[in-house]
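K.L.:
One structure follows; several queries about it will come next.
The values are calculated or read from the model by the stated rules, or taken from the named source; none is laboratory data. Computed from a predicted model, the values in this text were never measured in an experiment. Using ideal geometry, Cβ is built from the backbone for each residue, glycine included, and neighbour counts are taken over all protein chains shown.
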Amino acid sequence: MIFKNRREAGRQLARALIKQGFKGKNTLVLGIPRGGLAVADEVAKALFATLDVVIARKLRAPYRPELGIGAVVDGGHIVLNEQVVRSVGVSQDYLNREIVYQKGEVERRLRFYRGDHPAPEVAGKTVIVVDDGIATGYAFRASL
């Protein structure tokens, strides 16, 4: 689908979710910055839901930073594409350094978006994770 902008995409997504019965105080919308946060903001407003962020960072292949070999998310959860890791010959040393670097980026971005606010409670809630697109799916998968 093609949308005018991310906010319009969020409004359309919200309408579809409302038709499915998602609306109320027991709903938490988590946006994946940067683009997904604008979409998530519109969804949260329309659903009268709490809005927060989930920070996921791509783990980059050595010498090919555009190629994702997995992702790390706040809380330290890591998802790897083992096939790609093997095919590009990623050493354990490189992988460890990349994970440490991206975890640092996750923490830095969490401070930027949340400040001193704690992570929201997700237990017992309907959680909707929103992004503005999915390339390999590893950042989104790690977020889930």
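K.L.:
Residues ALA40, ALA49, ALA44, ALA14: which one is crowded, with 20+ Cβ neighbours inside 10 Å, outside the structural domain of VAL106 (by TED's automatic domain parsing), under 19 Å from the mean Cα position of the chain (by Cα) and free of Cβ contacts under 8 Å to residues at least 24 places away in the same chain? It would help to see each step written out before you state the result.
P.N.:
Values: ALA40 fails: free of Cβ contacts under 8 Å to residues at least 24 places away in the same chain; ALA49 fails: free of Cβ contacts under 8 Å to residues at least 24 places away in the same chain; ALA14 fails: free of Cβ contacts under 8 Å to residues at least 24 places away in the same chain.
The match here is ALA44.
K.L.:
Within segment 122-143, how many residues turn out to be without any contact (Cβ under 8 Å) to a residue 24 or more places away in the chain and more than 22 Å from ALA46 (Cβ to Cβ)?
P.N.:
Initial filter on segment 122-143 (without any contact (Cβ under 8 Å) to a residue 24 or more places away in the chain): 123, 134, 137.
Next cut, more than 22 Å from ALA46 (Cβ to Cβ) only: 123, 137.
Of the residues in that region, 2 qualify.
K.L.:
Could you list, in sequence order, the residues of segment 110-125 that are more than 17 Å from the chain's Cα centre (by Cα) and surrounded by 10 or more Cβ atoms within 10 Å (Cβ to Cβ)?
P.N.:
Listed by number, the list holds a single entry, LYS125.
K.L.:
Also, quick follow-up: Of all residues being among the charged types (D, E, K, R) and at pLDDT 95 or above in segment 16-59, which is nearest to VAL100 (Cα to Cα)? Just the residue, please.
P.N.:
Of the residues in segment 16-59, the ones among the charged types (D, E, K, R) are 19, 23, 25, 34, 41-42, 45, 52, 57-58.
From what is left, the residues that are at pLDDT 95 or above are 41-42, 45, 52.
Numbers: ASP41: 30, GLU42: 33, LYS45: 35, ASP52: 24 Å.
The extreme case among them is ASP52.
K.L.:
Here's something else I'd like to know. Regarding segment 79-92, can at least one residue be identified that is under 25 Å from LYS23 (Cα atoms) and of a type in the set (D, E, K, R)? If you could, list the steps in order and put the result at the bottom.
P.N.:
Initially, segment 79-92 is screened for residues under 25 Å from LYS23 (Cα atoms), giving none.
Checking segment 79-92: not a single residue is under 25 Å from LYS23 (Cα atoms) and of a type in the set (D, E, K, R).
K.L.:
Right, here's the next one. Taking the condition of being among the hydroxyl-bearing types (Ser, Thr, Tyr) and closer than 20 Å to PHE112 by Cα, how many residues in segment 2-49 meet it? If you could, list the steps in order and put the result at the bottom.
P.N.:
First, pick out the residues of segment 2-49 that are among the hydroxyl-bearing types (Ser, Thr, Tyr): 27.
With closer than 20 Å to PHE112 by Cα added as a condition, the list becomes none.
Qualifying residue count for the region: 0.
K.L.:
Cβ contacts < 9 Å: first residue free of Cβ contacts under 8 Å to residues at least 40 places away in the same chain and at negative phi, restricted to segment 89-108; second residue part of a helix (DSSP H, G or I) and surrounded by 11 or more Cβ atoms within 10 Å (Cβ to Cβ), any location; separation 6+ or different chain. Result?
P.N.:
Correct list of pairs: VAL90/VAL84; VAL90/GLU98; LEU95/VAL85.
K.L.:
Being of a type in the set (A, V, I, L, M, F, W, C), modelled with pLDDT of 95 or more, within 12 Å of the chain's Cα centre (by Cα) and over 20 Å from ARG11 (Cα atoms) is the requirement here; does VAL72 meet it?
P.N.:
Details: of a type in the set (A, V, I, L, M, F, W, C): yes; modelled with pLDDT of 95 or more: yes; within 12 Å of the chain's Cα centre (by Cα): yes; over 20 Å from ARG11 (Cα atoms): yes.
So VAL72 fits the description; yes.
K.L.:
Further question: It is to be established whether one or more residues within segment 86-95 are farther than 30 Å from ALA9 by Cβ, of a type in the set (S, T, N, Q), out of contact with any His (no Cβ under 6 Å at 6 or more places or on another chain) and surrounded by 11 or more Cβ atoms within 10 Å (Cβ to Cβ). Break it down into steps so the answer makes sense when it comes.
P.N.:
Restricting attention to segment 86-95, the residues satisfying the condition of being farther than 30 Å from ALA9 by Cβ are 86-95.
Going one step further and asking which of them are of a type in the set (S, T, N, Q), we end up with 87, 91-92.
Then drop every residue that is not out of contact with any His (no Cβ under 6 Å at 6 or more places or on another chain), which leaves 87, 91-92.
With surrounded by 11 or more Cβ atoms within 10 Å (Cβ to Cβ) added as a condition, the list becomes 87.
Scanning segment 86-95 turns up at least one residue that is farther than 30 Å from ALA9 by Cβ, of a type in the set (S, T, N, Q), out of contact with any His (no Cβ under 6 Å at 6 or more places or on another chain) and surrounded by 11 or more Cβ atoms within 10 Å (Cβ to Cβ).
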